[in-house]
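Worksheet: the structure to be examined is printed underneath.
The values are calculated or read from the model by the stated rules, or taken from the named source; none is laboratory data. Since the model is a prediction, treat every value here as computed from it, not as a measurement. Because the Cβ atoms are built from the backbone with ideal geometry, glycine has one as well, and the counts that use them run over all protein chains shown.
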Amino acid sequence: MRSIQGVIATERPSPSNVTAVQAPPGPEWLLRTRDGLPAGDPLREALRAQAIVSMLPLASRLARRYAGRGVPLEDLAQVAALALVKAVDRYDPARLAPFVGFAVPTIVGELKRHFRDAGWAIRVPRPVQELTMSLQTATGDLEQLHGRTPTTAELAAHLHVEAFRLADAVGATYAYRLHSLDADLTHDGIDLLEALGAVDPRLAAVDERLSHGLLGRLVAALPAREQRILAMRFTDEMTQASIAGELGISQMHVSRLLQRSLHQLRAGMQHAPGAAAAAARLAIPDFAAGSGPPR
């Protein structure tokens, strides 16, 4: 069985006056030799693998360029390595172009795409993402040009966008990395969660009224089937179609029963005095607004 070393020795030209050990073959030669082998030859996969391994240091260097931007270096290295595999599989040795010139844009493009698709803590529309990245570059360029922080009007004119678009991009920068609720704000043990408010002591009273008071009595007064439908919809979070299948009725019938039940509960709240009624009204979902899980 042939080996890669045997292919190199027999197919790679070597000047007779060179006695030193030759450098390892480059990816261009490896992939050109692979394409010259017949389909099914086991050396084709071996040559491909060697071309990938030989270029892994390049992929690692490109990944390190983007380190420290909120994405772990290990993730960037993996993205770059997978992009290198794509570059090896897409490279056409017949064009006689340097492999590096083809691989670098491919790897860099995949790294940027990873930041765009997976780097944001909150999903942001692509135009806003792209404007956010352009905003950072434009801010630096204008600071060097004017020797001061650029104004909103200057940035909008430089980027050829309207001011409200620029405001969207500025707001989106806060969605890239969210602060942890356990983050120490003052270095004295006070975290962000403690600074966002406190538990309202009246919530316990609301829960007590909803569980054992007026709303519970109103629900208990409904027919058994309607009580079951309410529980399936808002406690078990079942869709109307699932409820219909469970009860052997149509989805339209389920919808009508839900509307009737919620209407009766709201009507009962309207005639109830005091804070218990107000609290219970807040707990009854607005069926017309589509509360609860998707149908």
In the range 27-73, how many are farther than 12 Å from Val88 by Cβ, aliphatic (A, V, I, L, M) and in contact (Cβ under 8 Å) with a residue 24 or more places away in the chain?
5
For the range 150-160, indicate whether the set of residues that are at pLDDT 85 or above and exposed (fewer than 11 other Cβ atoms within 10 Å of the Cβ) is non-empty.
yes
Could you please find all residues in the range 61-79 being touching a helix residue (DSSP H, G or I) at 6+ places or on another chain (Cβ under 8 Å) and not in a helix (DSSP H, G or I)?
Tyr66, Ala67, Arg69, Val71
Please go through the range 90-104 and give me each residue that is part of a helix (DSSP H, G or I) and either surrounded by 11 or more Cβ atoms within 10 Å (Cβ to Cβ) or outside the structural domain of Gly26 (by TED's automatic domain parsing) (or both), ordered by number.
Pro93, Phe99, Val100, Phe102, Ala103, Val104
What about Asp168, is it among the charged types (D, E, K, R), touching a helix residue (DSSP H, G or I) at 6+ places or on another chain (Cβ under 8 Å), surrounded by 12 or more Cβ atoms within 10 Å (Cβ to Cβ) and not assigned by TED's automatic domain parsing to the domain that holds Ser60?
yes
Please work out which residue is farthest from Ala77 (Cα to Cα), limiting yourself to the range 113-130 and to residues that are part of a helix (DSSP H, G or I) and in contact (Cβ under 8 Å) with a residue 40 or more places away in the chain.
Val128
Would you say Glu226 is modelled with pLDDT under 75, in the same structural domain as Val254 (by TED's automatic domain parsing) and not aliphatic (A, V, I, L, M)?
no
Which of the residues that make up the range 140-179 are touching a residue at least 12 places away in the same chain (Cβ under 8 Å) and among the charged types (D, E, K, R)?
Asp141, Glu154, Arg165, Asp168, Arg177
